[in-house]
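Heads up: the structure comes next, in structure tokens.
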Amino acid sequence: MHSTTQPVTVIGLGPMGQAMAGAFLDRGYEVTLWNRTASRADDLVARGAMLAPTVEKALAANELVVLSLTDYDAVYALLEPAEAALAGRVLVNLSSDTPEKARAAARWAAERGAVQLTGGVTVPPSGIGRPESSTFYSGPREVYDRHRPALRAITGRSDYRGEDAGLAALMYQIGMVMFWTSMLSYWQAVALADANGLKAADILPHAVETANSLPGFFAFYAERIDAGVHTGDVDRLAMGLASVEHVLHTNADAGVDTALPAAVAELFRRGMDAGHATDSFSSVVELLKKPDA
Ligand code: NDP
């Protein structure tokens, strides 16, 4: 434990906020808490944190205020009635939402004399406080630099994306679109395996190997996509569609839900209709960029 000169307020004690407050306590920070359901603070108070009786008092306690709420609607629900206490606060808003909402909240905070530093944490609660974990930040550079030592308690690494309050939220959402759809592809694989008498554990090594092959594809296609090249020298969309249809039929034959493979097949068919049959399946990205074209 070491003492620090910068006390911190944490508002929002879901699994993430609790882990963050715990990480500050571990490092000897003086921590003030507030949560709608006060009992979630019990363990942290037992470890030395102070529970503020109101949001106003939690805001008034410290310049640095970490917000870890479900979304920005929850942020407004809490801060609007307490807005008189916002002036001079630095709101490190680690609640996830859209880039537009992050920008609007930064303006809203500025109108009340506060500064928002938007954050997007890339790890679950178990990764909070760890040196290898990382968070995206955006907002005023000077504020980020000044509070960097305290932010390091949340995740050891961070990636500052720029002054625009929306950028950290954007990077977070880019990660999440990949996370949710990738995990859904895994659930699909598990369901297909189950329909054929295989347990999740039976396919785990194959699933891991398949997932581990993806970064090589990302790197290969990133360069070509940025160069606007979709040459069908390595793969062709027509082959991709035939393969996806095999996937679709394998799932249908097993009596498994086909919504996910059907959606992939539909996108590939649209690419074919747009004349990309002999291009790489990376050409689908052009459809995604301009769905109405
Ligand atoms: P939860 O949704 O479990 O909890 C967030 C907090 O928001 C709770 O303290 C809850 O209060 C509060 N809250 C929600 N709605 C309101 C409201 N209307 N008024 C007052 N308080 C409200 O979220 P997590 O702790 O899991 O995550 C926090 C944020 O971090 C989210 O935006 C999430 O997307 C993001 N995130 C989460 C990760 C994870 O693995 N969990 C990973 C990376 C980011 P109460 O306790 O009273 O219900």
- Item | ALA262 vs. criteria of a type in the set (Gly, Ala, Ser) and exposed (fewer than 14 other Cβ atoms within 10 Å of the Cβ) | no
- Query: Among (1) crowded, with 20+ Cβ neighbours inside 10 Å; (2) in contact (Cβ under 8 Å) with a residue 60 or more places away in the chain; (3) closer than 16 Å to LEU64 by Cβ, where does ALA102 come up short?
  - Reply: (3)
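From PRO131, PRO149, grab the single residue that is open to solvent by 10 Å² or more (accessible area, probe 1.4 Å) and either free of Cβ contacts under 8 Å to residues at least 40 places away in the same chain or closer than 22 Å to ALA110 by Cβ (or both).
Details: PRO149 fails: either free of Cβ contacts under 8 Å to residues at least 40 places away in the same chain or closer than 22 Å to ALA110 by Cβ (or both).
One residue alone meets the criteria, PRO131.
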- Pull up region 63-74, narrow it to residues that are open to solvent by less than 20 Å² (accessible area, probe 1.4 Å) and over 9 Å from ILE11 (Cβ atoms), then point me to the one that is nearest to the ligand (Cβ to nearest atom). TYR72
- Query: How many residues are crowded, with 19+ Cβ neighbours inside 10 Å and either modelled with pLDDT under 95 or farther than 17 Å from MET20 by Cα (or both) when one looks only at region 79-90?
  - Reply: 4
- Task: For ASP164, state whether it is more than 30 Å from LYS57 (Cβ to Cβ) and part of a strand (DSSP E or B).
- Result: no
- Item | Options LEU79, LEU64, LEU69: the member that is among the aliphatic types (A, V, I, L, M) and touching a residue at least 60 places away in the same chain (Cβ under 8 Å) | LEU64
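The values are calculated or read from the model by the stated rules, or taken from the named source; none is laboratory data. Note that the coordinates shown come from a computational prediction; the quantities given were computed from them, not determined experimentally. Neighbour counts are summed over all protein chains in view; Cβ atoms, including those assigned to glycine, are modelled from backbone coordinates with ideal geometry. Ligands, DNA and RNA are stripped out before the accessible areas are found, and what is left, the full protein with its side chains, is counted by its heavy atoms. Shrake-Rupley method; radii C 1.70, N 1.55, O 1.52, S 1.80 Å.
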